[in-house]
Amino acid sequence: MSRSRSLPLILAILSLILAVTLQGQEGRQGGGRGQVQLPDGAGKEVISASCGSCHGLNMITGAAGYTQEGWRDLITTMVELPAAQTATVTQYLATHFPPKPGRAPVLVPGNVSVTFREWKVPTLGQRSRDPLQTKDGTIWWNGQFISLVGRLNPSTGDMREYELEKASRPHSIVDDAAGNIWYMGNGNGTIGKLVPATGQITVYKLPDPAARDPHTGIFDKNGTLFFTLQQSNMVGRLVPSTGEIKLITLATPRALPYGLKQNSQGTIWISYNGSNKLATMDPVTMEIREFPLPEGSRSRRLAITSDDTVWYVNSALGRLGRMNPKTGEVKEWPSPSGPQSHPYAIEVIDDIIWYNESNQRPDALVRFDPKTETFQSWAVPSGVGIIRHMRKTPDGNLTIHQTSTNRIGLAIIGKRGTTTSAR
């Protein structure tokens, strides 16, 4: 679906690339249009004119940095540029903004092997994210920046993309028991349902104007959709059979509810990205109960093992955490790459914990065995774009992605051997 573009449009998209990629972490970018002067060199005027018109140039000077090949790999997943322009821009960026020291992950060896498979999505610049695999083997993802849902047959590599309302900008997707794909319309306060067989889309508008940003959704065991609204500080419930929607506002100011999971008893657990707490919600009454985490903690996502123990990523402190749901007792382990590693996504497979270190370059996939309390980790092949959500596949592997490099993929888990990569 890529297409040729005029130079002004190319420059505008390049500006967007830099704005997205250099932000470091979603929701953690520094603001403002700092009065920054770029170094002299071929390519400076192009970047100054295009990027500086949209955001502060401090987002470039403060970047993690890449090699020329890294910049080229990044840009070519976002937009098609003439070869000469690509060479000039990437040489300039690599010369003046090379990789900064201290960002390489600390990789822990072990006996488990992981094979990575990755696919570049058809439409460039979409910020592909949050893939899931359905029972028939199809992988689905959403393209947040240009409002689409995509479908991949991993056996053949065939892909199809479905256009959504332009303003929806879906943050995540989830499938229901019938195989329909539901998306969280983060840009316009909607929830949408896509029927794959027909392409039909049904949109549910949230009833409260303050409910602006549906974020992450899950279906409970009864087929009811629950979802977080991060910036709106709300949690919502949608009954598909009636379209009824109920929203509640959390008592903790700026709790920023993020990930959510349901345990075997039906209780919904919610992670707070703006406060040092986790919370439970009764799916019927929507009553909230909060549990404290160590001071300074922030958690993006969580997962639950078969014994209903709650595991979470302590993103702010660079730790993996465990909470006893009966007592509220917490234990945490430092992530291998340290306090700045910013663990982000998390999943459980056969009671083994998997998560990523999103602040490392490349992004690291980490395995933790609760029985032995030992780690093992791998570098994601295209890991400059951050895994923001990972989910278990029907055959016990992981769907992963890289938002900034517009790739979705699989982490195929073996038992013994070496890590391999297939693109």
Review point. If you take the residues of region 315-343 that are touching a residue at least 60 places away in the same chain (Cβ under 8 Å) and not polar (S, T, N, Q), which of them is surrounded by the most Cβ atoms within 10 Å (Cβ to Cβ)?
Key: HIS342
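Could we say that GLN231 is over 27 Å from ILE139 (Cα atoms), in the same structural domain as ALA303 (by TED's automatic domain parsing) and touching a residue at least 24 places away in the same chain (Cβ under 8 Å) here?
On the way: over 27 Å from ILE139 (Cα atoms): yes; in the same structural domain as ALA303 (by TED's automatic domain parsing): yes; touching a residue at least 24 places away in the same chain (Cβ under 8 Å): yes.
Yes, satisfied.
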Exercise for review: Pick out the one residue from ALA303, ALA279 that is without any contact (Cβ under 8 Å) to a residue 40 or more places away in the chain and either assigned to a strand (DSSP E or B) or not assigned by TED's automatic domain parsing to the domain that holds LEU247 (or both).
Suggested key: ALA279
Study note, to complete from the structure: Residue hits (region 177-225; surrounded by fewer than 12 Cβ atoms within 10 Å (Cβ to Cβ) and farther than 22 Å from THR249 by Cα) are ALA177, ALA178, ALA197, THR198, GLY199, GLN200, LYS221, ASN222
Exercise for review: With respect to ILE400, determine if the residue is buried (at least 22 other Cβ atoms within 10 Å of the Cβ) and part of a loop (DSSP other than H, G, I, E, B).
Suggested key: no
**Study point:** Test result for ARG367, of a type in the set (Lys, Arg) and either surrounded by 22 or more Cβ atoms within 10 Å (Cβ to Cβ) or within 13 Å of the chain's Cα centre (by Cα) (or both)
**Key:** no
Check your understanding: Taking into account only those residues within region 139-176 that are closer than 15 Å to GLU118 by Cα, out of contact with any His (no Cβ under 9 Å at 6 or more places or on another chain) and in contact (Cβ under 8 Å) with a residue 24 or more places away in the chain, which is surrounded by the fewest Cβ atoms within 10 Å (Cβ to Cβ)?
Key -> GLY157
Point to revise | Among the residues listed as ILE353, ILE346, ILE386, the single one being at positive phi, among the β-branched types (Val, Ile, Thr) and surrounded by 18 or more Cβ atoms within 10 Å (Cβ to Cβ) | key: ILE386
Check your understanding: Would you say PHE368 is closer than 14 Å to LEU320 by Cβ, in contact with an Asp or Glu (Cβ under 9 Å, 6 or more places away or on another chain) and part of a strand (DSSP E or B)?
Key -> no
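Residues in region 209-217: is at least one touching a residue at least 60 places away in the same chain (Cβ under 8 Å) and in contact with a Phe, Trp or Tyr (Cβ under 8 Å, 6 or more places away or on another chain)?
From region 209-217, those touching a residue at least 60 places away in the same chain (Cβ under 8 Å) are 216; that's our starting set.
Retained after the next criterion (residues that are in contact with a Phe, Trp or Tyr (Cβ under 8 Å, 6 or more places away or on another chain)): 216.
Yes: region 209-217 contains one or more residues that are touching a residue at least 60 places away in the same chain (Cβ under 8 Å) and in contact with a Phe, Trp or Tyr (Cβ under 8 Å, 6 or more places away or on another chain).
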Review point. Is it true that ILE304 is touching a Phe, Trp or Tyr at 6+ places or on another chain (Cβ under 7 Å), modelled with pLDDT of 95 or more and closer than 17 Å to ILE346 by Cα?
Key: yes
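The values are calculated or read from the model by the stated rules, or taken from the named source; none is laboratory data. Treat the numbers as computed from the prediction; the structure is a model and nothing was measured. Every residue, glycine as well, gets a Cβ built from its backbone with ideal geometry; the counts of neighbours run over all protein chains shown.
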